[in-house]
1. Can you give me the accessible area per residue for region 20-174, using a 1.4 Å probe, in Å²?
2. Check Ile35: other-chain or 5+ apart residues with amide H under 5 Å from its amide H, H built from backbone geometry?
3. Ranked highest first by the average count of other Cβ atoms within 10 Å around their residues, in what order do 179-190, 2-13 fall?
4. At 37 °C and 0.692 mPa s, grab the translational diffusion coefficient of region 99-214 from Stokes-Einstein with a Kirkwood Rh over Cα pairs, rounded to a whole number in µm² per second.
5. Post the alpha-carbon centroid distance, region 55-74 to region 134-200, in whole angstrom.
6. Return the equivalent ellipsoid semi-axes of the chain as a descending list in whole Å, where each equals the square root of 5 times an eigenvalue of the C-alpha gyration tensor.
7. In the chain, what percent of the accessible surface is made up of carbon and sulfur (1.4 Å probe, ligands and nucleic acids excluded)?
8. Determine the gain in length on full extension of the stretch Tyr164-Asp75; use 0.36 nm per residue of separation and subtract their C-alpha separation, reporting nm with one decimal.
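The values are calculated or read from the model by the stated rules, or taken from the named source; none is laboratory data. These numbers were taken from a predicted model, which means no experiment stands behind them. Reconstructed Cβ throughout: ideal geometry from the backbone, glycine too, with neighbour counts over all protein chains shown. Side chains are part of the model used for accessible areas, which takes the heavy atoms of the whole protein and leaves out ligands, DNA and RNA. Shrake-Rupley method; radii C 1.70, N 1.55, O 1.52, S 1.80 Å.
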Amino acid sequence: ELASAFHMAGFEVYDLCINDFINDESITLDDFRGIAICGGFTYSDVCGSGNGFCAIVKSNKRINDMFEMFKNRNDTFILGICNGCQILVSMGWVGSGCKMTHNKSNKFESRFPMIKIGKTNSIFLKDMENSILGCWIAHGEGKFVFENQLNENSIALQYIDDNYEVTDTYPFNPAGSEYGVAGLTSANGRILSIMPHAERSYLNWQIPYGDMRLNDMYT
């Protein structure tokens, strides 16, 4: 799904697994401009998979240095969705003092909540400030928890209720994330970490129109 979305946007897409980097030292990130870490089956679709992927990277100096060099270039972007979001948070690339844990409901949640796009310098969300849209979510560990005071300019997406207000209330906020956070961006705007599956919401037939309010919003 994610490869298809990038392909339709005009990118040349390559599918690489972490084991490709482990098993073949000739594979590098030097010729790439973007990394998109997908949701579901990123280092197996199991609890704590984001932490597992992060541990693999950080325990291998060659691979860790490769990712750090890519992140520090000024001509690259990184997108993490769902499991990929967990990975970017675990790597410490977004949300200082942030961690992700089980949904407040203690259940896997698959819903189509509404989200609001914040005021950031994210290259992914340029000219989309205050936009309101629906987006699929499907996760069991999507709750953002913050140990430090959150910089509002780092909030990329927030869950909202029927009054279009940012909310912590379930089920509008399906994870129970603090500050209604559904996604974070890095200070330089080149890294975006989101729990909603944007790649499952980019074709018209993927958008449920059962709610007239959403129907009016999309037509």
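1. 52 Å²
2. Residues meeting the amide H criterion: Phe77, Ile78, Leu79.
3. Values: 179-190: 22.2, 2-13: 12.8.
The densest-packed peptide leads the list: 179-190, 2-13.
4. Numbers: Rh = 14.3 Å.
The calculation lands on 230 µm²/s.
5. That distance is 26 Å.
6. Working: eigenvalues 157, 72, 56 Å².
Gyration-tensor ellipsoid for the chain: 28, 19, 17 Å.
7. On the way: 5720 of 11560 Å².
Of all accessible area on the chain, carbon and sulfur atoms account for 50 percent.
8. Working: separation 89, 0.36 × 89 = 32.04 nm, distance 3.54 nm.
Full extension of this stretch gives 28.5 nm more.
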